[in-house]
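What follows is a short report on a single structure.
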Amino acid sequence: MADVQKQYITPEMKAKLEQELQALIDNRPVIAAEINERREEGDLKENAGYDAAREQQDQEEARIKQISEVLQNSTTERSVHVEGVAHVGSVVHVYYNGDESMKETFLIGTRAASTDNKDLETYSEQSPLGAAVLGASEGETREYTAPNGRTISVTIVSAAPYDSQKASTPRA
């Protein structure tokens, strides 16, 4: 069996997912009781309440499975970070195609790693942009092919480990 590499998620996202998972698990008896109550109403073929309760149960069980897989395959630990080098779990400030006015700041990690900071986009290390900047140092320019087929150059302005206690936006 192949060794699965764990994906980085922020500690806040891990706590949020764990809370959501626990709430869904705690709600299982409520949904089961609702299904039993609706089942006792009689004919299941035309019982919208029963169908709705079963659908809710299916959705919640799917979400439990999804969250469990994310938590199982993720970590809040980062590999050794060198300040100024883009790593998984880094907040990176870049500009595109040599145009310093085309700036963006983002976190390298999975979508599950995203933070509550709506201004901080998250790019997977497997995305074209994430893969291109991974391991790049401040001042370094790399190229990647966008999904539309265009080649884009990206220059690293700064990279710093994500820190929820700070503003987490590297210097411009």
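Near Thr75, the amide H atoms lying under 5 Å from its own belong to Gln7, Tyr8, Ile9; only residues 5 or more places off or on other chains count, and H is placed 1.01 Å from N. The slack between Thr76 and Asn47, meaning 0.36 nm per residue of separation minus the straight C-alpha distance, is 5.9 nm. Backbone amide hydrogens, once placed in the peptide plane, bring Thr122 within less than 5 Å of Leu107, excluding anything fewer than 5 places away on its chain. Of Ala33, Ala48, Gln59, whose Cα points farthest to the positive end of the dipole of the stretch 26-74 (charges on the beta-carbon: +1 Lys, Arg; -1 Asp, Glu; origin at the Cα centre)? In the stretch 26-74, that residue is Gln59. The residues neighbouring Val133, those whose beta-carbon lies less than 14 Å from its own, together hold a net charge of -4 under the Lys/Arg +1, Asp/Glu -1 convention.
Suppose R0 equals 30 Å. What FRET efficiency, 1/(1 + (r/R0)^6) with r the Cβ-Cβ distance, do Gln56 and Lys118 give to the nearest 0.05? Computed FRET efficiency for Gln56 and Lys118: 0.60.
With 0.36 nm allotted per residue and the present C-alpha distance subtracted, the Lys65-Glu140 stretch has 23.0 nm of extension available. Across the stretch 86-100, the residues whose backbone nitrogen lies under 13 Å from the label position 7 Å along the beta-carbon direction of Ser153 are 95-100.
By the scheme Lys and Arg +1, Asp and Glu -1, what is the net charge of all other residues having a beta-carbon under 15 Å from that of Asp99?
For residues surrounding Asp99, the net value is -1.
Bear in mind that the values in this text are calculations on the coordinates, not laboratory data. These numbers come from a predicted model, not from an experiment. Cβ: placed from backbone, ideal geometry, glycine included. Neighbour counts: every protein chain shown.
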